[in-house]
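Visitor: I'd like to ask some things about the structure below.
Laboratory data are not the source of any read-out in this text; all were calculated from the coordinates shown. Only a predicted model underlies this, so the values are computations on that prediction, with no experimental measurement involved. In this analysis, Cβ positions are derived from the backbone assuming ideal geometry, glycine residues included, and neighbour counts consider all displayed protein chains.
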Amino acid sequence: QVQLVESGGELVQAGGSLRLSCAASGGTFSSYAVGWFRQAPGKKREFVAGIGWGTLYAESVKGRFTISRDNDRNTVYLQMSSLTPEDTAVYYCAARTRSLAIVTTTVLYSSWGQGTQVTVSS
């Protein structure tokens, strides 16, 4: 059973930067894909970025967000820059155990963290 814990969310001004972390335990970390998703109030949870066989980004964050992983620390990072109020959401990381294929569909991720709140003020 893979367990995920996100951290790093906070209140930031528009134009600022944040780095989110997703610490994993259980399973073989280097063998599974990890995705970042976000959910704003009243909206569906949406894919933000993923890492596995390469990386994948949502169009809305491409060029502003960077996903990376440190297999020695069992941690995936999401570096966010040029933040706007539209980036305000709870950010979740999720793992696809047994696969390094990145997908954008929530149901294909078997493990989820509890989420971390990112608030961008204008």
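Visitor: Pairs of alpha-carbon atoms within less than 8 angstrom and 6+ residues apart define the contacts here; what relative contact order does the chain have, in percent?
Guide: 38
Visitor: Using the 2.2 N^0.38 Å rule of thumb for compact globular proteins, work out how the chain stacks up: its C-alpha Rg over that value, please.
Guide: 0.97
Visitor: Now, a different point. In the range 83-122, which residues have a backbone nitrogen under 12 Å from the label point lying 7 Å from residue 5's Cα in the Cα-to-Cβ direction?
Guide: 114
Visitor: If you add up the charges near residue 40, with Lys and Arg at +1 and Asp and Glu at -1, over every other residue whose beta carbon is less than 10 angstrom from its beta carbon, what do you get? Please report the intermediate quantities before stating the final value.
Guide: On the way: positive: 38, 43, 44, 45; negative: 46, 86, 87.
Net charge in that neighbourhood comes out at +1.
Visitor: Along the Cα-to-C-beta direction of residue 105, a point sits 7 Å from the Cα; which residues of the range 42-56 have their amide N less than 15 Å from that point?
Guide: So the set is 47.
Visitor: Sticking with this structure for a sec: Counting only the backbone N, which residues of the range 1-32 are under 18 Å from the spot 7 Å out from the Cα of residue 81 toward its beta-carbon?
Guide: From the range 1-32, the list is 12-21.
Visitor: Further question: Less than 14 Å Cβ to Cβ from residue 49, Lys/Arg counted +1 and Asp/Glu -1: what total charge do the surrounding residues give?
Guide: Charge balance in the 14 Å sphere: +3.
Visitor: Assign unit charges at the C-beta atoms only (+1 for Lys and Arg, -1 for Asp and Glu), then state the dipole size of the chain relative to its Cα centre in Debye, rounded to the nearest 20.
Guide: That gives the chain a dipole magnitude of about 240 debye.
Visitor: Give me the Debye-computed log₁₀ of I(q)/I(0) at q = 0.15, 0.18 Å⁻¹ for the range 54-113, equal point scatterers on Cα only, no solvent, two decimals.
Guide: Normalising to I(0) and taking log10 leaves -0.53, -0.76.
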